[in-house]
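The values are calculated or read from the model by the stated rules, or taken from the named source; none is laboratory data. Quick caveat, the model's predicted, so the values are computed rather than measured. Here the Cβ is made from the backbone with ideal geometry for all residues, glycine too, and neighbour counts use every protein chain on show. Side chains included, ligands, DNA and RNA excluded: accessible areas come from the protein's heavy atoms. Shrake-Rupley method; radii C 1.70, N 1.55, O 1.52, S 1.80 Å.
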Amino acid sequence: MLRNLRVGIAGLGRLGKRHAEALAHQTRHCELVAACSPVTQEREYATQQLGVAHVYEDYAAMLANPEIDAVVLVTPTSLHADQTIAALQAGKHVLVEKPLALNVTDCERVLAEAVKHPALVAMVGFVRRFDPSYLHAHTAVAAGDIGRPFLVRSQTCDQNDPEGFFVRFAPTSGGIFMDCSVHDIDLARWMLGRPKATRAFATGTNALHPALAEFGDVDNGMAIVEFEGGQRAVFYASRTMAHGHETSTEIIGTAGKLLVGEHAANDRVIRSDALGVRHGVVKDFYERFEAAFGAEMSAFVAACRGEQALTLTLSDALEATRIGLAITRSLHSGMPEAV
Ligand code: NAI
């Protein structure tokens, strides 16, 4: 019998708390034995709410604990590359949140380090690959059900947060395309068979949050990406939806098309009355992808225990960053940019 995977988590913010709760209470074959955060309240949360045995202010100190087999990184994006490399050097498996890094050189440094540790799992959290609906769509595309796929239209649209969490987040997020569209970019490559991207064009606007302009960012962004084989992708990302979180993707092929996630329904109830016909909506990314986050964590644990191989690679994460950067350059230059 394989023993449980012993996990340490770094970062206990908006998403880190969710991952920590999943590791402590829901994911099979693992134990959350350590947590790390520079914030006192977050360390207290780990001890008092989750009963985590080892709590650290310093990431290097957590890595020095020989009882930890794997780390989950839910820290600001600007720290991902160095923290992933340090984990691999300490002999730990790593699940790092997306995006892997905000420049290609940092991604390449991670890939080079991972090659030196073939027995360790290094996985990037492209959670949508574990969503049942996206998996269904991918299986159908791979089976040829829509003929030859040539166009992906994909959007990540968050409900407007009047308090502007993402404005404070902007200095470390890499901007709306690196933060939100990076998921859509990975989905497009996955659905289209991993083609090489050649050129990108982007534009955007600040509809409600002009403070983003200070960071060269927008609250609504649109992009077109060209791929070598003639495939195309169109992305839309928004921070200002009035109704809720709406992630949806259309995969168009020569013999049909698939639509995933349209209308953001939060359940299967449709109400018809004097006001019209309507349904409730998911309020945020976590409500939409809760099941996928659970499946993602289970896949990571299974991969670390040698029970399951991963199809999602660090090279995929590098390509998503490369494309996201070209889109962001185009947003700033106003011109098409080579990928
Ligand atoms: P956040 O700002 O709420 O949390 C960041 C956490 O990192 C905080 O707990 C902070 O105390 C901690 N931290 C900062 N420096 C640290 C250090 N040196 N060592 C250890 N901990 C440190 O941010 P949020 O929204 O939780 O995002 C974190 C990451 O997760 C980002 O990279 C983001 O792109 C990613 N993310 C992924 C999503 C997905 O759909 N897969 C959704 C939301 C976020």
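General observations
- Among residues of segment 17-31, those that are within 15 Å of the ligand (Cβ to nearest atom) and crowded, with 23+ Cβ neighbours inside 10 Å, counted: 3
- Screening THR249 with (1) more than 22 Å from LEU325 (Cα to Cα); (2) open to solvent by less than 30 Å² (accessible area, probe 1.4 Å) gives one miss only, at (1).
- Checking each residue in segment 259-286 for being within 28 Å of LEU151 (Cβ to Cβ), open to solvent by less than 40 Å² (accessible area, probe 1.4 Å) and in contact (Cβ under 8 Å) with a residue 40 or more places away in the chain picks out VAL260, GLY261.
- Flag for GLU42 being open to solvent by 10 Å² or more (accessible area, probe 1.4 Å), under 24 Å from the mean Cα position of the chain (by Cα), within 8 Å of the ligand (Cβ to nearest atom) and at negative phi: yes
- Only residues that are farther than 29 Å from VAL74 by Cα and either touching an Asp or Glu at 6+ places or on another chain (Cβ under 8 Å) or crowded, with 19+ Cβ neighbours inside 10 Å (or both) were counted across segment 120-146, and they come to 2.
Every residue, every condition in (1) under 21 Å from THR311 (Cα atoms); (2) touching a helix residue (DSSP H, G or I) at 6+ places or on another chain (Cβ under 7 Å); (3) charged (D, E, K, R), yes or no:
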{"site": "THR40", "(1), (2), (3)": "no, no, no"}
{"site": "ALA70", "(1), (2), (3)": "yes, yes, no"}
{"site": "THR77", "(1), (2), (3)": "no, yes, no"}
{"site": "THR84", "(1), (2), (3)": "yes, yes, no"}
{"site": "PRO99", "(1), (2), (3)": "yes, yes, no"}
{"site": "LEU102", "(1), (2), (3)": "no, yes, no"}
{"site": "VAL110", "(1), (2), (3)": "yes, yes, no"}
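- Residues in segment 161-205 that are open to solvent by less than 50 Å² (accessible area, probe 1.4 Å), in a loop (DSSP other than H, G, I, E, B) and either within 16 Å of the ligand (Cβ to nearest atom) or out of contact with any strand residue (DSSP E or B) (no Cβ under 6 Å at 6 or more places or on another chain) (or both): ASP161, GLY164, GLY174, GLY175.
- In segment 3-12, the residues that are more than 16 Å from GLY51 (Cβ to Cβ) and open to solvent by 30 Å² or more (accessible area, probe 1.4 Å): ARG3
- Residue match in segment 314-321 (condition: in contact with a Lys or Arg (Cβ under 7 Å, 6 or more places away or on another chain), assigned to a helix (DSSP H, G or I) and more than 15 Å from the ligand (Cβ to nearest atom)): yes
- Among the residues listed as LEU102, LEU111, the single one being within 14 Å of the ligand (Cβ to nearest atom), open to solvent by 20 Å² or more (accessible area, probe 1.4 Å) and touching a residue at least 40 places away in the same chain (Cβ under 8 Å): LEU102
- Subset tally (residues that are among the β-branched types (Val, Ile, Thr) and either surrounded by fewer than 13 Cβ atoms within 10 Å (Cβ to Cβ) or more than 30 Å from PRO118 (Cβ to Cβ) (or both)) for segment 287-317: 1
- Pair list, Cβ under 6 Å, 6 or more apart: segment 195-206 residue in the same structural domain as ARG239 (by TED's automatic domain parsing), other residue modelled with pLDDT under 95 and surrounded by 15 or more Cβ atoms within 10 Å (Cβ to Cβ): ASN206/LEU212
- Some residue of segment 40-62 being polar (S, T, N, Q) and either touching a His at 6+ places or on another chain (Cβ under 7 Å) or assigned to a loop (DSSP other than H, G, I, E, B) (or both): no
- Filter pass, PRO66 being surrounded by fewer than 20 Cβ atoms within 10 Å (Cβ to Cβ), within 11 Å of the ligand (Cβ to nearest atom), modelled with pLDDT of 95 or more and outside any helix (DSSP H, G or I): no
- Of the criteria (1) within 22 Å of ASP184 (Cα to Cα); (2) among the polar types (S, T, N, Q); (3) in contact with a strand residue (DSSP E or B) (Cβ under 9 Å, 6 or more places away or on another chain), which one ASN103 fails: (3)
- Segment 69-84: number of residues that are away from the ligand (no atom under 14 Å from the Cβ) and aliphatic (A, V, I, L, M): 1
- Condition met for GLN89 (farther than 16 Å from LEU310 by Cβ and near the ligand (Cβ under 9 Å from one of its atoms)): no
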